[in-house]
1. Run through segment 272-315 and list the GluC sites (Glu not before Pro) located in a DSSP loop whose Cβ has at most 12 other Cβ atoms within 10 Å.
2. How large is the Kirkwood hydrodynamic radius of segment 40-184, counting all unique pairs of alpha carbons, in Å?
3. Taking other Cβ within 10 Å of each residue's Cβ, how do Thr55, Thr257, Thr248 sort, fewest first?
4. Please give the contour-minus-distance gain from Val238 to Met43: 0.36 nm per residue of separation, less the Cα-Cα distance, rounded to one decimal in nm.
5. Check each of the trypsin sites (Lys or Arg not before Pro) in segment 127-202 and keep only those in coil by DSSP with at most 12 other C-beta atoms within 10 angstrom; list them in order.
6. For segment 141-187, give the magnitude of the charge dipole about the Cα centre (Cβ charges: +1 Lys/Arg, -1 Asp/Glu; no others), in debye to the nearest 20.
7. With the Cα gyration tensor of segment 65-145 giving a ≥ b ≥ c as the square roots of its eigenvalues, does the rule (a/c under 1.5 for rounded; else a/b larger than b/c for prolate; else oblate) give rounded, prolate or oblate?
8. Which value, in debye to the nearest 20, gives the size of the charge dipole of segment 78-157 about its Cα centre, when Lys and Arg are +1 and Asp and Glu are -1 at the Cβ?
Amino acid sequence: MASSPTGAHMHSYLATVGIDFGTTYSGFAFSFNKEQGEDSIFMNRDWVNELGHRTSKTPTCLLLKPDLSFDSFGYKAVEKYANLRSVYEEKDFFFFQHFKMELHNEENLHLKTILYDASGKRAEAKTVFAHSIRFLRDEAVNFIRQETRDDAFRVEDILWVLTVPAIWTPGAKQFMREAAYEAGLVSRDCPEQLVIALEPEAAAIFCTERKMDAIQSDRLNVSIDGLLSQLNSQYMVVDIGGGTLDVTVHEKQDDGTIKEIYRVTGGPYGGMKVNHQFEGLLDELFGAERLYEYRKRFPADWLRLMNDFEEKKRGPRALENKETRICLPRSFVSSIRELLPLSLKRYGADEVKVLKMNISA
């Protein structure tokens, strides 16, 4: 179970900020420690995508300059990388996405672990995570200052919470703490200012605060918060994220704490599995070697294609099992044009169609 500060220590901070550092998307929320309940939680919903829509999370994507200094994060990183002026400029910058999964996949994780960006360039994992956490820290502090109209609000006034998958190893959780130190989120001299919280536990605690009549049957019509507030109540939390699936079983104790009554299970079975299946379909249609060369030659266009797929897979048409259109970059169509007739015939034209109107510039 994740460690937490005592109530007295917690109230020595003016606010608590929870950072959801996800495989696909990230965001944060905060509350003032003197206030209680769901209504006291403020979520940043000011991330703006390229269409001008405001969202509660931003893509977990990081763009670094050629010297590995910070350039941008989230929607801004995606947009800038996709609009770099030339292939040569693309190869100078470092673009990372979905890198959180490396903490789960890497068996010999250490502080010098290496990550590879979209075009195969190397950088230390701690550097990538530290840049990302530092960005989210600065955004959170600025957000609180705007909400409170208090420019004197400091990082030191905040109790920070970083959520991690329950299935992560102790080494992966410690790596996140080290990256947070590197980012300046908290000082090594004040480790209690950072709580590494397990995502299913955080979800369960939040549900006890919510007022939602969501569980009904012929004999039962009670709210989730009512069920989870009962002493000795047992429940299962299934957390399906972008990268991982966590399944935990909890019991509410007499003192109000949560006890894990069955070991956490799960694995790398999050939403990215769907993306991998789509990539596999493209490999099957046009050849894995051809797709590998395309990704290396046009990493920004490949990013556009996969980002469009990510949006479409979450859209209502996909959820309703309706035909869904994916925009193909012009460079992609040019690369596989001669393969199209045979590939579609071999796979089945009724299942996969390529329309001229779907080809983007």
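1. On the way: sites: Glu279, Glu284, Glu289, Glu293, Glu310, Glu311; in loops: none.
Hits after loop and neighbour filter: nothing returned.
2. 16.6 Å
3. Numbers: Thr55 16, Thr257 11, Thr248 25.
Neighbour counts put them in this order, fewest first: Thr257, Thr55, Thr248.
4. So the extension gain works out to 67.9 nm.
5. Working: sites: Arg134, Arg137, Arg145, Arg149, Arg154, Lys173, Arg177, Arg188; in loops: Arg149, Arg154, Arg188.
Sites meeting the loop and neighbour criteria: Arg149, Arg154, Arg188.
6. 160 debye
7. Numbers: a/c = 2.01, a/b = 1.02, b/c = 1.98.
Oblate, because a/c is 1.5 or more while a/b does not exceed b/c.
8. On the way: 13 positive and 16 negative charges, 43 e Å.
Roughly 200 debye for segment 78-157.
Just so you know, all these numbers are worked out from the coordinates, no wet-lab data involved. All figures in this text were calculated on a predicted structure; none of them were measured in a lab. Every residue, glycine among them, receives a Cβ derived from its backbone with ideal geometry; neighbour counts consider all protein chains shown.
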